[in-house]
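See structure below.
The values are calculated or read from the model by the stated rules, or taken from the named source; none is laboratory data. Note that this is a predicted model, so its numbers are computed, not measured. Here Cβ is always computed from backbone atoms with ideal geometry, including for glycine, and neighbour counts include all displayed protein chains.
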Amino acid sequence: MPVAYVGAAAGVAGAINGIVNPPGSNVPQPYQPQNQHLQDMNFNNLTGLMGNYAMSLPQQLIPQFQQTQQNISNNPYAGLAQQGANQVGAMAPGVAGMQFGGANSLFGAGNQVLNTAFDPQQALYNRTQQQVMDQINAANASSGVYGPAACSRIGT
C-alpha cells in the first residue's frame, strides 16, 4: 500500500504545481527595443536624405556617360579597332579547336600517371604484406612459438 500513497502524493503535487505555475508562464518575453518612436523618426529622416543623393548622382553622371559614348563613337580609330576585333574573332574557333585537342592529349597522360600511381599490379601492397609476415614469423621464432600456435598468432 505505501507505493500507492507515493503515486497519489505525486499526483497531488503535480496538480498544485499546475495551479501555482500555470502552463506558459515560463515562456520568455521577446526583446523589445527601447525608444522605438525616435528610431522610426531617425530612419525616416535618413531615408529622406538618401533620396536626395540617389537622385542627384545620376543627374551628375549621365551627361558624362553620354559624352564618353559620343567620344568613343566619333573616334577615328574605332573602325580599325573593330576590324582587329573581327579578325581575332574569326581566328577563335580554330584556336579553340587546338586547345581542346591539347586538353584531350593531357587527359590520356593523366590517366597513365594515375594508373601507375595506384599500383595496378599491387606490387607495393604485396611487398608490404610480405614484410609484415616476415616480422611476425621472426617474432614467433625468437619467442619459441612454432606449429599450430604460430599459425594462430599470424592472424592476430
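Among the residues in the range 104-125, are any in contact with an Asp or Glu (Cβ under 9 Å, 6 or more places away or on another chain) and assigned to a helix (DSSP H, G or I)? Looking for residues that are in contact with an Asp or Glu (Cβ under 9 Å, 6 or more places away or on another chain) and assigned to a helix (DSSP H, G or I), one finds at least one in the range 104-125, hence yes. Would you mind finding the one in Gln60, Gln70, Gln64 that is surrounded by 10 or more Cβ atoms within 10 Å (Cβ to Cβ) and at pLDDT 80 or above? That would be Gln70, the only listed residue that is surrounded by 10 or more Cβ atoms within 10 Å (Cβ to Cβ) and at pLDDT 80 or above. Determine if the range 131-148 includes at least one residue that is loosely packed, with under 10 Cβ neighbours inside 10 Å, at pLDDT below 80 and either within 41 Å of the chain's Cα centre (by Cα) or on the phi > 0 side of the Ramachandran plot (or both). Checked the range 131-148: at least one residue is loosely packed, with under 10 Cβ neighbours inside 10 Å, at pLDDT below 80 and either within 41 Å of the chain's Cα centre (by Cα) or on the phi > 0 side of the Ramachandran plot (or both).
Hey, does the range 75-84 have a residue that's in a loop (DSSP other than H, G, I, E, B), of a type in the set (Ser, Thr, Tyr) and loosely packed, with under 10 Cβ neighbours inside 10 Å? For the range 75-84, residues in a loop (DSSP other than H, G, I, E, B), of a type in the set (Ser, Thr, Tyr) and loosely packed, with under 10 Cβ neighbours inside 10 Å: present.
Gly18 meets the conditions (1) surrounded by 10 or more Cβ atoms within 10 Å (Cβ to Cβ); (2) of a type outside the set (S, T, N, Q); (3) at pLDDT 75 or above in every case but one. The failed one is (3).
Part of a loop (DSSP other than H, G, I, E, B) and not acidic (Asp, Glu): is that true of Gln87 in this structure? So Gln87 does not fit the description; no.
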